Amino acid sequence: MPIRIKRVYEPPEGTDGRRILVDRLWPRGMSKAVAAIDFWAKDTAPSHELRRWYGHVLEKWPEFKRRYFAELDTNGEGVAQLRREMGRRTVTLLFGSKEMRLNNAQALKEYLESH
């Protein structure tokens with residue numbers, strides 16, 4: 001099953017497959033209709049504490065991923081629910097950050113593909 005990532009503010013496309021929001025907070029200024037979210041995986045998003053600690057400081061990226069993966073490792077039910085929602089089809093993990101490369105969706109994709 002292919003996993004794509006995309007900013008939630010980009011328009012939905014037919015190739016997105018199942019659209020899953022992976023942020024703990026709803027995207028600012030985005031209505032549910034426009035977002036076209038199939039599932040909101042807020043239980044597998046980074047904790048508020050981790051998100052605040054990271055603050056998109058690029059030097060913290062490796063440690064952010066290590067801590068986030070540790071959170072995911074202790075959240076078996078949340079990860080299992082996300083996998084059930086993903087199924088065996090194309091999935092697009094949606095995120096709100098302006099940082100396109102080093103964000104929680106990218107980290108979550110890496111985690112899902114390696115576990």
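Return the pairs, sorted by first residue and then second, in which the second residue is of a type in the set (D, E, K, R), the first residue lies in the stretch 93-115 and is outside any strand (DSSP E or B), the beta carbons are less than 6 Å apart, and the residues are 6+ apart or on different chains.
If the second residue must be of a type in the set (D, E, K, R), the pairs left are Gly96/Asp23; Ala107/Lys65.
I'd like the residue in the stretch 83-115 that is over 24 Å from Glu59 (Cα atoms) and touching a Pro at 6+ places or on another chain (Cβ under 9 Å) and, out of all such residues, is modelled with the lowest pLDDT. Before you say what the answer is, go through the steps one by one.
Start the filter on the stretch 83-115 by keeping residues that are over 24 Å from Glu59 (Cα atoms), which leaves 83-92, 115.
Next, only the ones that are touching a Pro at 6+ places or on another chain (Cβ under 9 Å) stay: 89-92.
Values: Arg89: 89, Thr90: 94, Val91: 96, Thr92: 97.
Per the stated criteria, the residue is Arg89.
Taking the options Lys98, Lys42, name whichever one is surrounded by fewer than 14 Cβ atoms within 10 Å (Cβ to Cβ), within 22 Å of Lys32 (Cα to Cα), in contact with a His (Cβ under 9 Å, 6 or more places away or on another chain) and not polar (S, T, N, Q).
After ruling out the rest, the residue left standing is Lys98.
Quick one: which helices (runs of 4 or more DSSP H) lie wholly within the stretch 11-84 and hold at least 2 residues that are closer than 25 Å to Met1 by Cβ and free of Cβ contacts under 8 Å to residues at least 40 places away in the same chain? I'd like the intermediate steps shown before the answer.
Numbers: elements: 32-35, 48-54, 61-73.
Result: 61-73.
Name every residue in the stretch 51-87 that is in contact with a helix residue (DSSP H, G or I) (Cβ under 6 Å, 6 or more places away or on another chain), surrounded by fewer than 18 Cβ atoms within 10 Å (Cβ to Cβ) and among the hydrophobic types (A, V, I, L, M, F, W, C), in order of residue number.
Residue satisfying the conditions is Phe69 alone.
The values are calculated or read from the model by the stated rules, or taken from the named source; none is laboratory data. Everything quoted here is computed from the prediction, not taken from an experiment. Virtual Cβ from ideal backbone geometry, glycine too; neighbours counted across all protein chains shown.
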